[in-house]
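Please treat every number below as a calculation from the coordinates, not as lab data. The structure presented is a predicted model; accordingly, all values stated were derived computationally and were not measured. We place every Cβ from the backbone using ideal geometry, glycine too, and count neighbours over all the protein chains shown.
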Amino acid sequence: MSLFQIAKTTVKSLFSAPATLMYPTKPAKKSKGTRGTLENDINRCIFCGNCQRKCPCVAITVDKNSRTWELDRFRCVSCNCCVEVCPVKCLRMENDYTKPTTDSKMKVLLKSEKPAPAQAPKPVAPPGVANPRSQKPGTPNAPSADSPP
Amino acid sequence: MAKRIVIPFGPQHPVLPEPIHLDLVLEDEKVVDALLSIGYVHRGLEKLVEKREFPEYVYVIERTCGICSYIHGLSYCQAIEEIMKIEIPERALFLRTMGSEYSRMHSHLLSMGCLADGMGFENLFMNLFKVRERIVDRMEASFGGRIIQGTCKVGGVRKDIDEESLGSIVTEMESIEKELKEITDVLIKDDSVKHRLRGVGMLSKEDAYELGAVGPTARGSGVKIDLRMRGYAAYDRIKFEPVLGTGGDCHSRTAVRVRELFQSADIIKQCAKKIPDGPIEVKYTGNPKGEYFSRVEQPRGEAIHYAKGNGSRFLQRFRIRTPTFANVPPLIHMLKGCDLADVPLIIISIDPCISCVER
Ligand code: SF4
Ligand code: SF4
């Protein structure tokens with residue numbers, strides 16, 4: 001008769017630490033290689049549009065003229081494809097999962113108007129001339145962090 | 001003759017992880033006929049092949065199924081590599097084999113957990129998932145994703161496993177096996193489980209063969225089909241035998257899955273020991289022109305991927321025949337004549353994956 005086959009396991013688990021993690025009191029597990037959130041170091045981006053063409057989910061929109069790089073976080077499946085195809089390696093995959101948000105809008109990154117330190121491959125307004133595409137008020141100069149809730 | 005009534009089962013039902021609808025024709029408590037309708041999660045993934053370039057389509061194909069995703073990716077890459085005559089490095093083949101077996105293990109544990117849950121055996125369900133979590137964690141650490149590992153690519157694999165991790169995989173697998181032994185013994189030997197599963201959903205060997213059952217559904221009835229025996233990836237260098245059951249009932253199918261768990265653990269250990277050094281991918285040029293049928297063994301049975309390229313970046317046609325699709329006729333056959341209360345268990349015992357079926 002083995003009617004109570006599981007009894008041993010049950011008794012054992014009564015006296016052992018819980019198998020579940022008390023999230024959010026304790027942080028969630030993550031490992032080094034986890035594909036979590038996609039981030040872009042916008043100052044190095046050359047707006048080549050490779051990531052947009054290769055993304056299987058059509059989550060990225062790159063606009064060379066207005067120098068914006070947009071990611072629809074709700075479309076992105078964290079597949080790492082764009083990171084692999086980026087020629088200047090400015091995209092990276094963080095191992096944190098994306099924070100929950102109620103904001104369904106895309107994350108818009110505007111390239112800062114100042115030329116990037118090393119090489120700014122894109123034409124910047126010549127010195128002394130006001131840049132016609134000056135930033136709209138309220139738009140952060142530096143690459144914005146996660147859009148505010 | 002008793003009066004016939006029709007009871008709708010699904011698409012929302014406590015035992016169903018995915019939407020499938022059955023019209024059960026009942027005579028008293030006995031099911032005399034079952035009419036199946038699907039189409040709740042059709043996503044048109046096969047058509048999408050015309051819109052995504054073939055190297056990127058592997059990301060789409062991996063998302064055909066949320067459970068056996070790795071092997072879908074593997075099969076697709078295999079088909080493209082055959083068409084383009086790409087020779088894959090040995091190390092990549094072993095890594096693919098390991099990835100497949102990890103996904104088989106977590107898929108079988110999920111299926112058995114669902115079965116335990118369907119029986120009302122919550123404790124067993126949670127213990128099975130506790131073991132599964134260890135496997136999923138290892139998958140995340142080695143491949144980057146908990147379920148969608150996403151490491152297969154045309155020409156090899158994306159991620160390597162270093163020597164140190166390979167060693168820890170072996171020791172970890174041994175401790176997982178110990179834990180598994182204890183908990184799967186309950187599934188095989190416990191009287192209440194046996195009482196619930198024995199003689200339910202009978203499928204004879206002949207019926208299984210004629211109706212085209214695949215995977216553990218067929219092997220549970222004693223039909224010896226296991227595509228891994230064909231030796232794709234690195235399976236030709238691994239020692240293993242297909243696991244066969246004899247009963248043809250739900251208990252026999254579950255027992256086959258349990259033994260396959262240990263078989264997978266063994267294959268992973270063999271791979272970790274035998275894996276050769278070398279590159280993990282090769283560069284290739286050109287586009288696929290030609291067609292190929294790629295057949296692989298998924299946790300649920302044989303999957304067939306058909307790819308046809310016309311020399312452009314986009315494939316012309318791609319088609320998947322998933323294992324659950326093949327297991328539907330045997331399922332209908334099993335349902336005829338069973339009790340209404342057994343219907344959920346019989347459905348879970350073929351380990352249905354509806355998203356796969358509808359693609
Ligand atoms: S591929 Fe890289 S450099 Fe090109 S647009 Fe995308 S992020 Fe910018
Ligand atoms: S990670 Fe994948 S889905 Fe997300 S933006 Fe990059 S290519 Fe697209």
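Computed quantities for the displayed model
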item: Top of B:201, B:144, B:99 by mean-square fluctuation, Gaussian network on chain B, Cα under 10 Å; result: B:144
item: The range B:82-119: trypsin sites (Lys or Arg not before Pro) in DSSP coil with no more than 16 other Cβ atoms inside 10 Å; result: B:85
item: For the range B:266-297 and the range B:17-65, distance of Cα centres in Å; result: 28
item: Surface/4 estimate of mean projected area, convex hull on alpha-carbon atoms of the range B:245-359, nm²; result: 10.5
item: Hull shadow area, averaged, chain B [alpha-carbon convex hull, nm²]; result: 17.3
item: Net charge over other residues, Cβ less than 11 angstrom from the Cβ of residue B:30 (K, R count +1; D, E count -1); result: -4
item: Alpha-carbon gyration tensor eigenvalues x 5, square-rooted, for the protein assembly as shown, Å; result: 45, 25, 25
item: Among B:29, B:46, B:18: highest mean-square fluctuation, GNM of chain B, C-alpha pairs under 10 Å; result: B:29
item: Paramagnetic reach from residue B:13 in the range B:314-342 [backbone N under 19 Å; point 7 Å along Cα→Cβ]; result: B:324-342
item: Cut-off 15 Å between beta-carbons: net charge of the residues surrounding residue B:355, Lys and Arg +1, Asp and Glu -1; result: 0
item: For residues of B:139-148, the mean tally of beta carbons on other chains within 10 Å; result: 5
item: Between the range B:66-108 and the range B:310-327, the Cα center-to-center distance that results, in Å; result: 16
item: Exceeding the 18 Å Cα-Cα cut-off - candidates B:153/B:283; B:159/B:283; A:29/B:130; A:30/B:178; A:12/B:130; B:85/B:159; result: A:30/B:178; B:85/B:159
item: Computed Rg/Rh of the range B:41-156, alpha carbon atoms with Kirkwood Rh; result: 1.05
item: Modelled FRET efficiency - R0 25 Å, residue B:262 with residue A:17, Cβ distances, 0.05 increments; result: 0.40
item: Descending Cα extents along the principal axes, the range B:191-315, whole Å; result: 58, 36, 20
item: Selected from B:197, B:109, B:22 as most flexible by GNM, with chain B as the system and alpha-carbon contacts under 10 Å; result: B:22
item: Mean separation of Cα contacts under 8 Å (6+ apart) over length of the range B:183-340, as relative contact order %; result: 25
item: Using θ = phi - 60° and Karplus 6.51 cos²θ - 1.76 cosθ + 1.60, couplings along the range B:293-307 (whole Hz; Gly, Pro as x); result: 9, 10, 10, 9, 9, 9, x, 9, x, 6, 10, 10, 10, 10, 10
item: Computed over the range B:41-357: relative contact order in percent, which uses C-alpha pairs under 8 Å that are six or more apart; result: 27
item: Alpha-carbon centroids, the range A:1-60 and the range B:142-193: separation in whole Å; result: 16
